[in-house]
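Participant: Before I ask anything, here is the structure I am working with.
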Amino acid sequence: MRFYHAALVLAAAGIVTAQDVRPKDVREIAKAGASALPRLTELLQNPSADARREAARQIGEIGTARSLDPLIQATRDNDPEVQILAADGLVNFYLPGYIKTGVSAPLRRVGTSIKGMFTDTNDQVIDPYVTVRPDVVSTLGRLATGGANMEARAHAARALGILRGQGAVTDLVEAIHSKDTAVIYESLVALQKIHDESAGPRIAFRLHDLDQKVQIAALETTGLLRNSQAVPELIDVLNRARDIKVKRAALTAIAMLPSEQSRSLYAQYLQDKDDKLRAAAAEGFARLRHPEDLPMLEKAWQEEGKTAPRLSLAFAQVMLGKTELSEFSPLEFLINNLNSASYNGVAFPFLTELAREDRVRLQLYAPMASGTKDEKIGLARVLARSGDKESIPALQNLSNDPDAEVAQEGLRALRNLQARN
């Protein structure tokens, strides 16, 4: 035991040999917090991969601005685990708590579908008011294309999406040319969140990918990035697809790219036995924005028994002018579903898209002031993304709500709105 403590003292002084530094020694050094960063940075050069891994982990967990430079240095390590720890540590600075899930959690998305064109409800992402250092983005971009192994590249791609790494779009497009499913998938999801529409045509070659997961992500990305040139190809995918998930993704993407040539498809699938295809068809009619379609959509809403297509039909009716708030109105139905654990992830992006219209946004201020906790929080997030200067007083009021969680969300939404305007 005495030898162990003596070794720690010597390690802290930089006297022990490289072979003597063990991960538990590194953890002991890190207990000093930010003051240990110089010594931990030195350990990133240690011959022992285990010591370098632990040093990268501890630097990430310290999580101060002074951690960024050594973490960037660690991304250049030839050990993939050090690179992964460094990438996750960089994210952790901008999204505190991420490091506890980034390395150990499998590469996956939180959400299962994308229902609105301009939202990023599908996964973790930093708030718009958070500014990321450009060299952090460029470092992760290089790692996404040149990491020591495919897992390191996939982690870097996911990190770029979380950090909205606009400066690394070209790197992500290059990564999509990889042969590794995880790298391709995470790069596509990252592009969805960065939302640079110039990338849309550059990922179209993945629309016919043989891997279902990649193909679906490519279909979703094409819709979200509004690549209208791809509509004929999306229709081809829809017509050829045998897998129902691929058909749903294809029709949803088509619905995000309003075109009169798609009208017959919407009419066909609005009567389909699959409820998600009916939902996608309703969204297509919504974005065509023809008021003469309203009676047909009202009738379909009254006859529909499934919640998912009812939400899409409600969205369509509001988009076509039914913006009133009453007990059984379509807009009220959407707001009420912010209380649903199963469907708030569907209602929220619909409301976000609708709130870009002045006439809808004005209707949201009253329920945001008097609604349930979940409604207040959901509508605050909607206005953070789709509000304007007129929304500021409503969010300021919400930031003083008696419920601390609601008040915190109101303040966060206010900061995000102000960062956008």
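The values are calculated or read from the model by the stated rules, or taken from the named source; none is laboratory data. Bear in mind the structure is a predicted one, so any value in this text is a computation, not a measurement. Don't worry about glycine lacking a Cβ; one is built from the backbone with ideal geometry, like all the others, and counts go over all protein chains shown.
Participant: For residue 67, which of the numbered conditions (1) over 24 Å from residue 31 (Cβ atoms); (2) modelled with pLDDT of 95 or more; (3) among the hydroxyl-bearing types (Ser, Thr, Tyr) fails to hold?
Facilitator: All conditions are met except number (1).
Participant: Given segment 89-162, what helices (runs of 4 or more DSSP H) lie entirely inside it while holding 2 or more residues that are at pLDDT 95 or above and among the charged types (D, E, K, R)?
Facilitator: Of the helices (runs of 4 or more DSSP H) lying wholly inside segment 89-162, those with at least 2 residues that are at pLDDT 95 or above and among the charged types (D, E, K, R) span 134-146, 150-162.
Participant: Also, I was wondering about something else. For segment 386-398, how many residues meet the condition of being under 15 Å from residue 360 (Cα atoms) and surrounded by 24 or more Cβ atoms within 10 Å (Cβ to Cβ)?
Facilitator: Adding up the residues that qualify gives 2.
Participant: I've got another one for you. Taking residue 285 and the conditions (1) touching a Pro at 6+ places or on another chain (Cβ under 9 Å); (2) under 21 Å from residue 257 (Cβ atoms), which numbered condition does it fall short on, given that it satisfies the others?
Facilitator: Failing condition for residue 285: (1).
Participant: Looking at 372, 307, 323 in this structure, which one is within 25 Å of the chain's Cα centre (by Cα) and polar (S, T, N, Q)?
Facilitator: On inspection, the qualifying residue turns out to be 307.
Participant: Within segment 159-205, how many residues turn out to be among the aliphatic types (A, V, I, L, M) and either without any contact (Cβ under 8 Å) to a residue 12 or more places away in the chain or touching a strand residue (DSSP E or B) at 6+ places or on another chain (Cβ under 6 Å) (or both)?
Facilitator: Summing the residues that are among the aliphatic types (A, V, I, L, M) and either without any contact (Cβ under 8 Å) to a residue 12 or more places away in the chain or touching a strand residue (DSSP E or B) at 6+ places or on another chain (Cβ under 6 Å) (or both) in segment 159-205 gives 0.
Participant: Now a separate question. Of the residues in segment 284-313, how many are in contact with a Ser or Thr (Cβ under 8 Å, 6 or more places away or on another chain) and free of Cβ contacts under 8 Å to residues at least 24 places away in the same chain?
Facilitator: Residues that pass the stated criteria total 0.
Participant: While we're looking at this one, here's another question. Report, by residue number, each residue of segment 71-86 that is within 26 Å of the chain's Cα centre (by Cα), part of a helix (DSSP H, G or I) and in contact (Cβ under 8 Å) with a residue 24 or more places away in the chain.
Facilitator: Across segment 71-86, the qualifying residues are 72, 74, 80, 81, 82, 83, 84, 85, 86.
Participant: It is to be established whether one or more residues within segment 164-184 are outside any helix (DSSP H, G or I), crowded, with 21+ Cβ neighbours inside 10 Å and not charged (D, E, K, R).
Facilitator: The answer is yes, given that some residue of segment 164-184 is outside any helix (DSSP H, G or I), crowded, with 21+ Cβ neighbours inside 10 Å and not charged (D, E, K, R).
Participant: Which members of segment 253-283 meet the condition of being closer than 19 Å to residue 216 by Cα, of a type in the set (Asp, Glu) and more than 24 Å from the chain's Cα centre (by Cα)?
Facilitator: The answer is 274, 275.
Participant: Could you tell me which of the residues 351, 320, 364 is in contact with a Phe, Trp or Tyr (Cβ under 9 Å, 6 or more places away or on another chain), aliphatic (A, V, I, L, M) and closer than 16 Å to residue 391 by Cβ?
Facilitator: 351
Participant: Can you pull out the residues in segment 213-232 that are among the polar types (S, T, N, Q), part of a helix (DSSP H, G or I) and surrounded by 24 or more Cβ atoms within 10 Å (Cβ to Cβ)?
Facilitator: The answer is 221, 222.
Participant: Restricted to segment 330-355, and to residues that are in a loop (DSSP other than H, G, I, E, B) and out of contact with any Lys or Arg (no Cβ under 9 Å at 6 or more places or on another chain), which residue is surrounded by the fewest Cβ atoms within 10 Å (Cβ to Cβ)?
Facilitator: 341
Participant: List the pairs whose first member sits in segment 254-283 and is touching a residue at least 24 places away in the same chain (Cβ under 8 Å), whose second member is part of a loop (DSSP other than H, G, I, E, B), and whose Cβ atoms are under 6 Å apart, counting only residues at least 6 apart or on separate chains?
Facilitator: Short answer, once both residue conditions are applied: 256/117; 275/306; 278/270; 278/272; 281/270.
Participant: Name the residue that is nearest to residue 127 (Cα to Cα), counting only residues in segment 373-408 that are touching a Gly at 6+ places or on another chain (Cβ under 9 Å) and not hydrophobic (A, V, I, L, M, F, W, C).
Facilitator: My answer is 378.
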